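Computed from the coordinates by the stated procedures, all read-outs in this text should not be read as laboratory data. Note that the structure is a prediction, hence the values are computed from the model and not measured. Cβ placement follows ideal geometry from the backbone for every residue including glycine, while neighbour counts extend to all protein chains displayed.
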Amino acid sequence: MHCLRTITIGDVNQLSLLPQIPSPLPETSAAALEWPRLRDYLATRTFSPLGRAWVLALQPSADLPWINQQHQRTQEMQRMLSSGGSFDFNGLFDPTLPLDKARIEGAALEAAEIRDLLHVVERVAAWRNLLDPHTSTANATRYTWPAIAELSAPLLDYDFASLLRLLRGKIEPDGSLSDDASPELRRIRRAMERQHRAIEDSLRRAARHLREEGSTQSSTEDLITIRGDRFVIPVKAEFKRKVPGVIHGSSSTGQTVYVEPLETIEQNNELVRLLDEEQAEIHRILVAMTRALGQNATAIHLGTCILAEVEAHTARARFAITLNCVRPAFSPTANPATEPGAPRPASGTWDASAQPASLSLIAARHPLLELRMSTAHREAGNEGPAPTPVPLTIILPATAKQLIISGPNTGGKTVSLKTLGLLSIMAQAGIPVPAEEATLPLFTSIYADIGDAQSIERNLSSFSAHVVNLDRISREATADSLVLLDELGSATDPEEGAALAVAIATHFLHLNSWTCITTHLTSLKVYAANHPGVLNAAVGFDQQTLTPTYQLRLGVPGASAGLNIAARLGLRADIIAAARAQMTTQTADIGAFLDSLHDQLTAAAAERTTLRQREAELSREKARVEVEGRVEQKQRTKELEGKLNSLLEDFAYQLRETVKAIDDKTVAQKIARDSDLRMSRLKREFAEQFNSTVVAHTTGADRNDPAAQPHLPKGIKVGDLVKLKSLGRQARVDRIIDPRNFEVSMGPMKMRAALDDIAEVETVKVVTPLEAARKRGNITVSTTQNTDYLPSEINVIGRTADEAQSEVERYLDQAFLAGLPRIRIVHGTGMGILRRTLREYLRNHPHVAEVTEPSHNEGGQGATLVELRQ
């Protein structure tokens with residue numbers, strides 16, 4: 001629910017600028033739990049009076065859909081702020097009164113009022129455009145906020161563009177109408193300026209004439225002033241009859257009269273007429289702008305209501321970011337439909353099949369205490385992060401809904417109560433809570449009896465005031481109430497107070513309400529230990545430093561340590577000694593036992609922390625070793641893959657050579673007899689090489705040992721002839737780049753060859769047939785390469801210009817050696833870069849005789865035909 005839940009288009013009066021909260025909690029003990037102070041702080045995170053009023057009107061609710069909706073919207077605004085987004089809410093105000101006036105036929109708002117409403121319209125239009133996917137695609141995809149979009153959806157039915165065009169640029173910042181408000185107003189004001197100058201010139205001439213005669217008060221300058229919208233000149237009283245004109249008053253001393261000379265009367269009359277025209281035009285413009293605002297009053301008020309709530313969610317989001325808050329979860333409470341006389345709640349609020357409710361606050365912090373510590377840190381000029389309160393953890397299952405907190409004074413018992421109560425109110429008011437994790441029941445009321453409630457006016461002592469409050473709470477609380485009782489049974493006789501405290505705690509235990517009680521009474525500690533459904537808890541106390549630790553330990557009672565606290569605060573040692581002597585043996589034994597128990601718990605906690613640290617270190621070391629092992633394994637696998645690929649390439653080459661030998665008709669019969677033996681031998685040799693490679697790699701014996709790879713040729717020198725597996729041709733070694741890479745040449749063609757691509761090495765220098773043919777001239781060189789093995793077409797679509805040129809260069813050399821008469825290069829059309837680059841390269845290539853563009857059915861501009869030299 002939000003402030004627009006009762007909206008009916010056309011009835012703007014039904015809109016509300018304040019939150020409409022369903023099922024508000026009838027009792028929250030707001031003052032005792034400092035809820036108003038928290039709201040005041042949240043209000044400081046707003047930028048407009050409208051957002052501030054919305055925040056200050058927040059109240060906790062028992063309506064779970066409304067609570068979840070509020071948290072969802074706040075969470076979405078928090079995501080927007082965390083991602084660097086923002087929105088300007090400055091200038092928003094309640095527009096109800098000026099909009100009501102604007103809807104009156106013929107009414108005219110003041111220019112300043114229209115200016116302020118224009119700012120509101122601009123903010124509403126900006127928010128609408130931010131949510132409209134058609135006008136703000138980037139922002140619509142950047143922010144994911146379905147709940148905010150649902151809240152703002154009604155705004156998409158309105159378009160403020162025409163209204164903004166009518167209003168913008170017509171009102172100055174001081175609230176006056178601009179000359180550009182209308183062409184007629186501009187014409188009138190230009191005429192007024194000309195009339196002013198004419199009147200001033202006329203008056204100056206008259207003033208100079210009178211000054212020469214000594215009739216004016218000023219002898220050094222032409223003084224012109226205005227009286228009653230008329231331009232006049234000051235004249236000495238004794239000369240007033242010498243100046244023909246109209247007198248418009250005199251000075252307070254009577255020595256000066258203000259005269260409008262006759263020659264300027266008509267000019268002043270014209271100026272007055274222009275002033276009247278100006279006012280009439282201004283009124284007409286204001287009426288038109290007011291009418292437009294009145295026609296859009298519903299949309300403006302609607303947008304203002306939406307922005308009021310959005311700003312409230314933004315303020316809560318800023319608060320959540322500042323204090324690292326989380327969205328609380330809600331566990332189901334007792335189904336009120338099962339209670340006698342209770343109405344069945346709305347569908348979707350309760351789940352009868354859900355697990356019993358539980359209460360869990362993990363590392364919770366009191367927000368006001370944290371803010372106060374942060375402010376003090378900042379005001380002291382300290383650098384670095386501000387200190388935070390000691391986190392509080394409270395876990396109560398559905399089977400133990402009562403908690404008894406004991407421990408020393410100033411140890412944080414009351415802060416624990418206030419933290420639980422305030423965070424429960426915040427959660428049900430749609431505000432994130434400062435904790436690492438929070439799961440709370442849905443309370444129907446929250447009661448707190450905290451502090452000194454004595455009242456002189458009502459003649460109530462502290463004890464009497466507590467009893468009156470406890471009586472009211474005991475009558476009104478239900479199983480779904482949260483009851484917080486501070487120092488139960490104090491301020492009276494200890495024995496009677498203990499009996500009363502146990503009786504009150506038993507009452508709320510039977511009522512099955514969620515109850516948290518702080519105490520120093522041993523009877524309550526024993527009660528908690530002996531009753532199922534009740535848990536003891538203690539705030540810590542350091543016996544070494546005699547100071548509280550402010551840590552809440554569940555499951556054990558705490559010692560009050562009153563004498564230790566008194567000693568720490570400086571009470572005389574002899575008094576402390578006398579007090580210890582007055583303690584009974586049983587009381588001393590209980591105190592000593594609790595002190596020893598807490599020492600053991602502290603030691604156990606420290607040991608657990610040490611074990612967790614060691615476990616974390618072991619986990620980090622294990623992860624590091626695993627990562628290093630994976631890296632090494634990956635590297636060795638990569639090396640093995642390279643070696644195996646080399647073996648496979650060598651085996652493939654041997655197979656190709658076998659196929660060639662079989663295809664050679666001159667030796668076909670001989671190879672037919674030996675083919676089976678040769679294939680068997682090659683397979684056996686490959687298996688032996690493969691096995692030896694795997695063993696050597698697994699053991700690491702072949703690392704940095706070139707002799708461990710027998711299939712690779714060795715001892716290659718410059719000038720040697722090598723046979724390349726990829727081309728099946730011999731090439732001459734011109735240069736050794738490194739032990740695994742060589743620069744080789746095939747006639748005029750130079751290329752780079754890897755060691756893995758070399759099959760055979762011939763150390764005898766011989767002249768290749770191609771080179772001999774080139775030298776002899778007029779000799780046709782034919783190769784044993786069958787042209788069927790080399791396609792007459794290459795496709796370089798998708799390559800860069802450099803990549804395509806390199807591939808075409810290699811292919812061109814192969815085609816030339818294979819004796820192909822022509823080839824076709826497919827490069828696609830695109831932007832023409834590949835086509836221009838390749839054709840320019842081909843025209844200058846020594847193997848190319850002619851470069852042409854094929855016909856349209858053969859590719860047209862997307863391909864190139866190349867005739868090779870023969």
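So the values come out like this:
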quantity	calculated
Ordering of 315-322, 614-621 by burial proxy (mean other Cβ atoms within 10 Å per residue, highest first)	315-322, 614-621
Burial order of peptide ranges 358-365, 465-472 (average beta-carbon count within 10 Å, highest first)	358-365, 465-472
Extension gain (nm, one decimal) between Ala191 and Asp157, 0.36 nm per residue minus Cα-Cα	7.8 nm
Farthest positive-ward along segment 357-435 dipole, Cα basis, beta-carbon charges - from Leu368, Ala435, Ser424	Ser424
Added length on full extension, which subtracts the Cα-Cα distance from 0.36 nm per residue, Glu628 to Glu850	74.1 nm
Net lengthening on full extension, Ala499/Ala380 (0.36 nm per residue, minus Cα-Cα)	38.1 nm
Residues Glu122 and Ser251, FRET efficiency given R0 of 41 Å [Cβ-Cβ distance, rounded to 0.05]	0.25
Spacing of the two label points (7 Å from each Cα toward its C-beta) at Glu840 and Arg79, in nm	5.2 nm
Efficiency of FRET from Cβ geometry, Thr478 and Tyr41, R₀ 35 Å, rounded to 0.05	0.70
Amide proton proximity set for Val483, modelled H, under 5 Å, gap of 5+	Tyr447, Trp514, Thr515, Cys516
Pairwise FRET efficiency - Glu184 versus Asp100, Cβ, R0 = 22 Å, nearest 0.05	0.15
Entries in Lys634/Lys717; Lys634/Lys723; Lys634/Lys714 that, when Cα-Cα distance is taken, lie over 30 Å	Lys634/Lys717; Lys634/Lys723
Cα-projected label distance for Arg752 with Asn795, points at 7 Å along beta-carbon direction, nm	2.7 nm
Nitroxide proxy distance, nm - points 7 Å out along Cα→Cβ at Ile576 and Lys714	8.8 nm
Pairs from Lys643/Lys725; Lys622/Lys643; Lys101/Lys170 whose Cα-Cα separation, in the structure shown, is over 28 Å	Lys622/Lys643
